[in-house]
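Asks: A single structure is presented below for examination.
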Number of protein chains: 2
Amino acid sequence: MQVAVVTFDGFNELDSFIASALINRCRKDGLEAFITTPTPVVTSMNGVKVTGQRPMEFVTEADVVLIGSGVKTQDVVANDQLISRLRLDPSRQLIGSQCSGALVLARLGLLKDMPACTDIKSRPFVEACDVTVLDAPFHAEGNIATAGGCLASQYLATWVITRVLGEDAARDVIGYVAPVGENQETVERAIRAVHSGEAALS
Amino acid sequence: MQVAVVTFDGFNELDSFIASALINRCRKDGLEAFITTPTPVVTSMNGVKVTGQRPMEFVTEADVVLIGSGVKTQDVVANDQLISRLRLDPSRQLIGSQCSGALVLARLGLLKDMPACTDIKSRPFVEACDVTVLDAPFHAEGNIATAGGCLASQYLATWVITRVLGEDAARDVIGYVAPVGENQETVERAIRAVHSGEAALS
C-alpha cells in the first residue's frame, strides 16, 4: 500500500513530514509514504529544498493521498493545470488533507457533502468554498479525512494506519514516536481524536 | 539569533523538521533555524533528499545548535573528522540534542556532569558512554538540553524559544501549531515538560 504525501512549493514541513515519517514506520508491514511533488524539487515555507520522491502523477496509482499544507495553497487551487493533475478517486483511495490542503479537496469537489477541519488562517477561505469548518482537529467521513492544526498531522497518520493496518499498528507507531514517558497518553489522545472525528458521522 | 539544526545522513524527519519549523515561526522576532548538514545534500532514513541550508561550519557562528537524530548516529560518533567539525561552546551557545543526538553530545564531552534524555533504542548506547538516562522527555542544565522521543522535539523547540524570546513567544508558537481545539492543553503540556526538565536541576 502506497501513500502519496502531496507537497507543493511553499509547503509547511510539519504537515508533510509528520504524516510521512509516521506512516513510514509501517514500511515493514507494507505501508509506505512518498513525498509527491509537482516539480522535481520543492522549497518549503522556510526555504528548505526537498527533492520529490514521486512525481504528481503518482497520485493516480497511490492507495492513499494526503494533501499537505503550505503558504501557496491559494496559488495551487487557482492553477487549473496543476489541479487537473490531481485525479483522485474516493471510491478507491483514502484521501486526506492537512490544514490548507482542505482548500484543494474543496476545489476538487470532495467536500460537498461533509464538513472539514483546517487551520485558523485557512478557515475563511475554506468557508468561502461553502464548506462548514469544525472546531476540531480531525474529521473523517468514509474515505475522506481532514485535519486542522499542524500537529494534528499525527491524527491524519493515525487514521491512515488504522484504516490500512488496524488500530494496533497505529498504537505501536504513536507509542514509538511519543515523548519518552508520555507514550500511553499520546497514543490515547491520537486514537481518541480519530474516533471522535469519525463518530461525528452518526 | 541563529539556530543550526544539525542534520546527518539517515536523519529522522520528525527530529529535524519539528524543531526547525517551530523555531522558524519566530523569524519575525529575529530567531531563525537552518538545516545544517555535513554534505550539500543529505538523505533521510526514509529516502527523502534534502539540500542543507547551511554547511557544518555554521555551528561555530550559530547562537543555538540542535543535534538531530537518525539511523546513522553510530557512524557519526565514530567519524573523528566529522566530529571535529562540531566545535561547540556551551559557555556561549545553547546546545540541544534530540534522541540519538545525545550520543553526539556525549562524544563531545558535553554530558559529563548531567543526565540525559534519549529514545529507547539509543538508550543503551548513551548509557555505555557513562551517561545516566532519564525516564523523561526533556532535561536541561544550564545551556545544555536533551530530549527523547521524536515528538519531544516540540519541547526542545519550546526550550529554545523560551530561552531566547521568553515563555510568551513559546506559548504563541505551540498554540499556533497545536491541533485545532487542543491549543491550550498542548501549550501547557509543552511548558510543563520544559519546566519539569529544568526543575530537575535543583
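The values are calculated or read from the model by the stated rules, or taken from the named source; none is laboratory data. Predicted, not measured: the structure shown is a model, and the values here were computed from it. No Cβ is skipped: glycine too gets one built from the backbone with ideal geometry, and neighbour counts run over all protein chains shown.
Asks: Taking B:THR118 as meeting all but one of (1) outside any helix (DSSP H, G or I); (2) surrounded by fewer than 24 Cβ atoms within 10 Å (Cβ to Cβ); (3) at pLDDT 95 or above, write down the number of the exception.
Replies: It is condition (2) that B:THR118 fails.
Asks: On to the next question. Could you tell me whether B:GLY181 is surrounded by 15 or more Cβ atoms within 10 Å (Cβ to Cβ) and touching an Asp or Glu at 6+ places or on another chain (Cβ under 6 Å)? Quick ask: steps written out before the conclusion?
Replies: Details: surrounded by 15 or more Cβ atoms within 10 Å (Cβ to Cβ): yes; touching an Asp or Glu at 6+ places or on another chain (Cβ under 6 Å): yes.
Yes, satisfied.
Asks: Okay, next question. How many residues does region B:1-45 hold that are polar (S, T, N, Q), in contact with a Lys or Arg (Cβ under 8 Å, 6 or more places away or on another chain) and buried (at least 21 other Cβ atoms within 10 Å of the Cβ)? Spell out how you get there, then give the answer.
Replies: First pass over region B:1-45, keeping only residues polar (S, T, N, Q): B:2, B:7, B:12, B:16, B:20, B:24, B:36-37, B:39, B:43-44.
Among the residues that remain, those that are also in contact with a Lys or Arg (Cβ under 8 Å, 6 or more places away or on another chain) are: B:36-37, B:43.
Those still in the list that are buried (at least 21 other Cβ atoms within 10 Å of the Cβ) too: B:36-37.
The number of residues fulfilling the criteria is 2.
Asks: While we're on this one: Filter region A:141-178 down to residues that are away from every other protein chain (no Cβ under 14 Å) and buried (at least 24 other Cβ atoms within 10 Å of the Cβ), then give me how many there are.
Replies: Residues of region A:141-178 away from every other protein chain (no Cβ under 14 Å): A:141-144, A:160-171.
Retained after the next criterion (residues that are buried (at least 24 other Cβ atoms within 10 Å of the Cβ)): A:160-161, A:170.
Total satisfying the criteria: 3.
Asks: Among the hydroxyl-bearing types (Ser, Thr, Tyr) and in contact with a Phe, Trp or Tyr (Cβ under 9 Å, 6 or more places away or on another chain): which single residue out of B:SER100, B:SER91 fits that description? First the steps, then the outcome.
Replies: Values: B:SER91 fails: in contact with a Phe, Trp or Tyr (Cβ under 9 Å, 6 or more places away or on another chain).
Being among the hydroxyl-bearing types (Ser, Thr, Tyr) and in contact with a Phe, Trp or Tyr (Cβ under 9 Å, 6 or more places away or on another chain) holds for just one of B:SER100, B:SER91, which is B:SER100.
Asks: If you don't mind, there's one more thing I want to ask. Is it true that some residue in region A:141-148 is at positive phi and either aromatic (Phe, Trp, Tyr) or at pLDDT 95 or above (or both)? Please lay out each step first, then the result.
Replies: Of the residues in region A:141-148, the ones at positive phi are A:142.
Next cut, either aromatic (Phe, Trp, Tyr) or at pLDDT 95 or above (or both) only: A:142.
Yes, there is a match, as at least one residue in region A:141-148 is at positive phi and either aromatic (Phe, Trp, Tyr) or at pLDDT 95 or above (or both).
Asks: Can you name every residue in region B:154-202 that is in contact with a Pro (Cβ under 7 Å, 6 or more places away or on another chain) and outside any helix (DSSP H, G or I)?
Replies: Passing the criteria: B:PRO179, B:VAL180, B:GLY181, B:GLU182.
Asks: Suppose we keep only residues that are acidic (Asp, Glu) and under 17 Å from B:VAL104 (Cβ atoms) within region B:126-140. Which one would you say is farthest from the other protein chains (Cβ to nearest Cβ)? Even if it seems obvious, please write down each step before you answer.
Replies: Just the residues of region B:126-140 that are acidic (Asp, Glu), to begin with: B:127, B:130, B:135.
Then keep just the ones that are under 17 Å from B:VAL104 (Cβ atoms); that gives B:127, B:130.
Values: B:GLU127: 14, B:ASP130: 20 Å.
By that ranking, first place goes to B:ASP130.
Matching residues to (1) in contact with a strand residue (DSSP E or B) (Cβ under 8 Å, 6 or more places away or on another chain); (2) farther than 21 Å from B:THR39 by Cα:
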site: B:VAL77; (1), (2): no, no
site: B:SER84; (1), (2): no, no
site: B:SER91; (1), (2): no, yes
site: B:LEU94; (1), (2): yes, yes
site: B:GLY109; (1), (2): no, yes
site: B:ASP113; (1), (2): yes, yes
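A quick yes/no check of all residues on (1) touching a helix residue (DSSP H, G or I) at 6+ places or on another chain (Cβ under 9 Å); (2) more than 12 Å from chain A (Cβ to nearest Cβ); (3) of a type in the set (Ser, Thr, Tyr):
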residue	(1), (2), (3)
B:VAL3	yes, no, no
B:LEU14	yes, no, no
B:THR37	yes, no, yes
B:ASN46	yes, no, no
B:ASP63	yes, yes, no
B:GLY70	yes, no, no
B:GLN74	yes, yes, no
B:ASP80	no, yes, no
B:SER91	no, yes, yes
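Asks: Another question, then. Go through region A:2-81 and tell me which strands (runs of 3 or more DSSP E), entirely inside it, have 2 or more residues that are touching a residue at least 24 places away in the same chain (Cβ under 8 Å).
Replies: On the way: elements: A:2-6, A:32-37, A:41-43, A:49-51, A:64-67.
Fully inside region A:2-81 and qualifying: A:2-6, A:32-37, A:41-43, A:64-67.
Asks: Only one of (1) closer than 22 Å to B:VAL126 by Cβ; (2) touching a strand residue (DSSP E or B) at 6+ places or on another chain (Cβ under 8 Å); (3) among the hydroxyl-bearing types (Ser, Thr, Tyr) is not met by B:THR51, so which one is it?
Replies: Evaluating B:THR51 over (1) closer than 22 Å to B:VAL126 by Cβ; (2) touching a strand residue (DSSP E or B) at 6+ places or on another chain (Cβ under 8 Å); (3) among the hydroxyl-bearing types (Ser, Thr, Tyr) leaves (1) as the failure.
Asks: While we're on this one: Within region B:129-136, does at least one residue satisfy the condition of being touching a residue at least 60 places away in the same chain (Cβ under 8 Å) and either surrounded by fewer than 24 Cβ atoms within 10 Å (Cβ to Cβ) or under 19 Å from B:VAL3 (Cβ atoms) (or both)? Please lay out each step first, then the result.
Replies: Step one: filter region B:129-136 for residues touching a residue at least 60 places away in the same chain (Cβ under 8 Å), giving B:134, B:136.
When the remaining residues are screened for being either surrounded by fewer than 24 Cβ atoms within 10 Å (Cβ to Cβ) or under 19 Å from B:VAL3 (Cβ atoms) (or both), the result is B:134, B:136.
Checked against the condition, which is being touching a residue at least 60 places away in the same chain (Cβ under 8 Å) and either surrounded by fewer than 24 Cβ atoms within 10 Å (Cβ to Cβ) or under 19 Å from B:VAL3 (Cβ atoms) (or both), region B:129-136 yields at least one hit.
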